[in-house]
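The values are calculated or read from the model by the stated rules, or taken from the named source; none is laboratory data. Given the structure is predicted, the values throughout are model-derived calculations rather than measurements. Cβ atoms come from the backbone with ideal geometry, glycine included; neighbour counts cover every protein chain shown.
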Amino acid sequence: MLPIESETDPQDDDTADPAAVARFLAAGTVDHAAWHDGTGYPLEALAPMNTATRELLVSRLDVNGWREVEVLVAVGTPSARAVLRASCDAAGAGRMHLAIAALRWRPHRHGIPPP
C-alpha cells in the first residue's frame, strides 16, 4: 500500500490545521451502519493536508483497529510508521494482525494498489 501523496507542497505552509484534523476524525465516526458496511476514514481528505497537519492527525489518532491502521499506512510518514509499530506492540500480535490482514484485503476501496 502506498502513502497518499499530498496535493500541496509541504514547503508552502508548515502550520498545522487543527480544524482539518477535527473534520477528518469526525468523518470517521462509526455508527452501526458504518460498522456494518466496513466504512473507513475518508482517506481522500488526506491529499490536501500539509505535512504538519498530517503529523497532528497522527498524534491525535487513537489506534483501535483496521480503520486507524489504514490511515497510518496512507499517511506514510516516519512518525505514522512509528505509531503503527508501537500500536502493534501494545495491542499484541493477534489483534493488530487482524487489522493488517483487513488492510491487505481492502486497499482497492481507495484506489490503493495492494503491496
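When the criteria are applied in full, Gly76 fails the requirement of being modelled with pLDDT under 85 and small (Gly, Ala, Ser). Do the conditions hold for Ala26, that is, is it modelled with pLDDT under 85 and part of a helix (DSSP H, G or I)? Considered against the rule, which asks whether it is modelled with pLDDT under 85 and part of a helix (DSSP H, G or I), Ala26 comes out as no.
For region 63-73, indicate whether the set of residues that are acidic (Asp, Glu), at pLDDT 85 or above and in contact with an Asp or Glu (Cβ under 9 Å, 6 or more places away or on another chain) is non-empty. Outline the logic, then answer.
Taking region 63-73 and keeping what is acidic (Asp, Glu), we get 68, 70.
Those still in the list that are at pLDDT 85 or above too: 68, 70.
Right, trim to in contact with an Asp or Glu (Cβ under 9 Å, 6 or more places away or on another chain) and you get 68.
Yes, the conditions are met somewhere in region 63-73.
If you go through region 35-48 and keep only what is more than 12 Å from the chain's Cα centre (by Cα) and within 14 Å of Glu68 (Cα to Cα), you end up with Trp35, Gly38, Thr39.
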